Amino acid sequence: MRLRQIEAALERVFEGAFARVGGGRLHPLEVFEALRRRMEEDRAISSGGVYVPNRLVAHVAPSELDSLGGLRDRLEQELAAGLQEQCRNNGWLYGPMILVRFCGDDRAHPGRVRVTAAYDERPLSAAVCVQGGLSGGQTYPVTDGAVLGRAPECQLVVPTQGISRHHCRFDWDFLGYRISDLGSTNGTFVNGVRVTDYVLCQDDLIEVGGVGLRFHYDTSSGWAQNAED
């Protein structure tokens, strides 16, 4: 994402008037640059690739935080989206998603932002929701190691004939939830493509035995305590 695109996205949060954060002296692009710099400074290089922190906290003066009001959530989302685009452009690995949070900090000077960052490898809350049919709307929580199938011992029991007794499994690693087919008769499909092992993304459509399941993360519960220090 080019800097101008990020600026345009942030302008939309402020309804076209590119105000400073909380009407004070802190510019939203300054916040973005501070987050990006901290993410880059804390990156880790390994044989598997370049990893960057996926939980970032922007510490600002309490008065500036209070002035954001109802714009805070949208601003956090736009900043996270911009950072994720930067990561994709650079080939950096950041887990399933980046979460950004503003925090009021008495130690922060007005017009300045202090950023803390952390790698959070603990699973995000996630679920799959049945799409259509008699079970349409039914939701199953996804946990690390959970098996989906017809067998009663499965963590996600879907009693449909086209689904194998032990059809597929969900496993967590830093990149997110990975779905693996367990040698099922009818296969496991994600977004129309048959897979044996695949890292799921937000809103992916999983198809097993003719049943569609929409996968999603619950970002509201994605904060680890160590990201707030």
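A short reminder: the numbers here are calculations on the coordinates, not readings from a lab. These numbers were taken from a predicted model, which means no experiment stands behind them. Don't worry about glycine lacking a Cβ; one is built from the backbone with ideal geometry, like all the others, and counts go over all protein chains shown.
In this structure, residue 175 and residue 129 have a Cβ-Cβ separation that, at R0 = 25 Å, corresponds to a calculated FRET efficiency of about 0.70. Rounded to the nearest whole Hz, the Karplus-based 3J(HN,Hα) values (6.51 cos²θ - 1.76 cosθ + 1.60, θ = phi - 60°) of segment 120-127 follow the sequence 10, 9, 6, x, 6, 5, 8, 7, with x at glycine and proline. Normalising the average separation of contacting C-alpha pairs (under 8 angstrom, six or more residues apart) by the number of residues puts the relative contact order of segment 62-103 at 51 percent. Each residue of segment 156-167 was assigned a 3J(HN,Hα) from its phi angle through the Karplus curve 6.51 cos²θ - 1.76 cosθ + 1.60 (θ = phi - 60°); the sequence is 10, 8, 10, x, 10, 4, x, 9, 5, 4, 10, 8 Hz, with glycine and proline shown as x.
Please compute the length gained on full extension between residue 85 and residue 138, using 0.36 nm multiplied by the number of residues separating them and subtracting their Cα-Cα distance.
Working: separation 53, 0.36 × 53 = 19.08 nm, distance 3.25 nm.
Length gained between residue 85 and residue 138: 15.8 nm.
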